[in-house]
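Structure first, commentary second.
The values are calculated or read from the model by the stated rules, or taken from the named source; none is laboratory data. Keep in mind it's a predicted model, so treat the numbers as computed, not measured. Here the Cβ positions follow ideal geometry from the backbone for every residue, glycine too, while neighbour counts run over all protein chains shown.
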Amino acid sequence: MGIEDQRRRIPRTDHLLSLSAVTEARTRLDEAEIRAVIAAQQELARSGAIAAEQVEPAVERELRGRRTLSLRPVLNATGVVVHTNLGRAPLSAAAREAIGEAAGYVDVEMDLGSGKRSSRGAGAREALLRACPDAEDALIVNNGAAALLLAVTAFCTGPGDAAGPREAVVSRGELVEIGAGFRLPELMTAAGARLREVGTTNRTHADDYAEAIGDATGCLLKIHPSNFRVHGFTAEVGIAALRRLADEHGLPLVADLGSGLLHPDPALPDEPDISSALRAGADVVIASGDKLFGGPQAGLLLGRREAIRRLARHPLARAVRSDKLALAAVEATLRGPEPPVSVALHADPARLRERTERLADRLAEAVHRRFAVVPHDGRVGGGGAPGVPLAGWALELPEAAAERLRAGTPAVVARVRQDRCLVDPRCVPESDDDALLACLVEALGGAEREAGPDGAPSGIGGAPVGRR
Ligand SMILES: *Cc1c(COP(=O)(O)O)cnc(C)c1O
């Protein structure tokens with residue numbers, strides 16, 4: 001058939017636009033993108049790269065494969081509960097639903113009874129206060145860093161500071177970098193605060209704070225160094241002792257806890273919690289919404305009424321305020337069932353072993369290779385509870401499987417360690433075990449396709465098992 005005949009048989013644009021795949025794609029994609037897909041396939045046919053008959057199926061395939069979102073869903077098989085590179089806390093079903101509901105017009109700042117303006121995010125604030133009765137008031141901002149910025153700025157700068165900003169007195173052992181070169185001291189000085197560093201890296205005493213306090217002091221600041229631990233000859237001053245100093249000098253005391261447990265958790269005995277910090281005497285306690293709290297990105301500020309009000313009224317509060325989606329998710333996280341972070345943190349090791357062994361069995365059945373089930377410690381992650389192992393189990397695969405798993409749909413991110421790829425089900429919801437198995441079969445089944453003529457699998461490893 002001549003090139004001219006081929007060209008005449010290329011489907012016309014109006015025909016392609018009437019395909020049901022196009023109707024379906026219009027719910028996700030804009031018209032220009034759809035037309036560009038069609039034009040590109042017609043062009044391929046015109047140039048002879050594909051046959052005219054292939055245009056229609058190619059358009060359908062291409063449109064179905066186009067996603068509106070560049071973010072791809074991931075099954076977290078690393079055993080790291082709060083994985084910063086995977087978006088920290090996964091939201092509960094209740095929080096996801098709340099985000100959907102808050103996505104349209106909502107009464108986030110209106111009292112529907114009177115039709116008048118109301119206080120923004122009052123529902124989330126009330127839920128937080130109910131969950132944490134030790135706080136007199138609460139404020140939710142964009143993230144933990146914003147909360148710290150707001151507190152330090154409000155307490156250390158302001159009208160009447162003729163001599164420049166006041167100082168936040170903080171221990172040298174607490175001036176931490178929390179990740180990716182992000183340093184809390186730089187954040188605070190960028191905000192215009194002055195840090196008055198006291199003590200040494202490993203030891204700071206109450207006297208160190210006392211000597212530093214003077215006319216220029218704006219607040220006392222305690223930061224929980226969440227992502228490392230100093231062992232050996234160490235000393236730090238607790239919140240209760242700092243409270244006494246703060247009272248003597250009439251200063252506010254701010255405690256940045258990082259992780260955001262609301263109450264003590266026996267699984268993490270060394271992790272500070274908001275309620276205890278408030279009871280020990282902090283005026284303002286700061287925590288992230290998307291670490292151990294298990295909610296959306298948010299900065300939670302809880303504390304004494306006057307102190308929180310001062311922060312809420314500060315001009316910077318408007319620049320760091322929380323959006324309605326996060327407010328909805330915070331409220332739903334608090335009022336709904338146990339969030340996934342807590343479920344993963346408290347997973348029963350015996351149950352994890354059962355799930356891992358069942359995965360290994362079903363995988364062996366599908367790909368005729370058996371992979372070992374080995375003990376594997378999960379981690380809290382996200383800069384929380386460093387060095388605390390969470391006893392669990394993993395399926396041990398060859399290292400090469402990790403890349404194939406990441407390329408799957410959904411992508412599976414496993415832990416690569418000492419030439420092995422470890423698949424830990426701790427952070428995979430049990431309801432996703434079938435999906436995880438399908439991804440494993442897909443990633444390891446490649447070896448099957450490369451099997452030799454005698455049917456003996458080759459390639460990616462594992463011990464062969466007899467065929468049924
Ligand atoms: C994580 C952390 C922060 C920052 O919180 P984000 O919510 O990530 O902005 C601040 N301080 C401490 C101690 C932290 O661990």
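Things worth noting here:
- Tally, over region 284-305, of residues that are more than 26 Å from Pro340 (Cβ to Cβ) and either within 15 Å of the ligand (Cβ to nearest atom) or surrounded by fewer than 24 Cβ atoms within 10 Å (Cβ to Cβ) (or both): 3
- Taken residue by residue, region 6-16 has at least one member that is within 14 Å of Glu62 (Cα to Cα), surrounded by 10 or more Cβ atoms within 10 Å (Cβ to Cβ) and not basic (Lys, Arg).
For every residue, the table says whether it meets (1) over 26 Å from Val428 (Cα atoms); (2) of a type in the set (Lys, Arg); (3) modelled with pLDDT of 95 or more; (4) part of a helix (DSSP H, G or I).
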| residue | (1), (2), (3), (4) |
| --- | --- |
| Leu278 | yes, no, yes, yes |
| Ile286 | yes, no, yes, no |
| Pro296 | no, no, yes, no |
| Ile308 | yes, no, yes, yes |
| Ala317 | yes, no, yes, yes |
| Leu327 | no, no, yes, yes |
| Ala347 | no, no, yes, no |
| Leu352 | no, no, yes, yes |
| Glu357 | no, no, yes, yes |
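- Strands (runs of 3 or more DSSP E) (entirely within region 144-233) containing at least 3 residues that are modelled with pLDDT under 85 and surrounded by fewer than 23 Cβ atoms within 10 Å (Cβ to Cβ): 177-179
- Hey, Gly199 away from the ligand (no atom under 16 Å from the Cβ) and touching a Pro at 6+ places or on another chain (Cβ under 9 Å) or not: no
- In region 409-416 there is no residue that is crowded, with 24+ Cβ neighbours inside 10 Å and part of a loop (DSSP other than H, G, I, E, B).
- The condition of being assigned by TED's automatic domain parsing to the domain that holds Ala246, among the acidic types (Asp, Glu) and more than 28 Å from the chain's Cα centre (by Cα) holds for only one of Glu126, Glu167, Glu174, Glu186, that being Glu167.
- Enumeration of residues in region 140-163 that are away from the ligand (no atom under 14 Å from the Cβ) and either under 21 Å from Leu257 (Cβ atoms) or acidic (Asp, Glu) (or both): Thr153, Ala154, Phe155, Cys156, Asp161
- Region 234-266 - residue that is buried (at least 23 other Cβ atoms within 10 Å of the Cβ) and in a helix (DSSP H, G or I) and, of those, nearest to the ligand (Cβ to nearest atom): Leu242
- Checked against (1) touching a Cys at 6+ places or on another chain (Cβ under 8 Å); (2) not in a helix (DSSP H, G or I), Pro337 passes all but condition (1).
- Test: Arg172 is touching a strand residue (DSSP E or B) at 6+ places or on another chain (Cβ under 6 Å) and away from the ligand (no atom under 16 Å from the Cβ): no
- Residue match in region 306-321 (condition: within 14 Å of the ligand (Cβ to nearest atom) and either hydrophobic (A, V, I, L, M, F, W, C) or surrounded by fewer than 22 Cβ atoms within 10 Å (Cβ to Cβ) (or both)): yes
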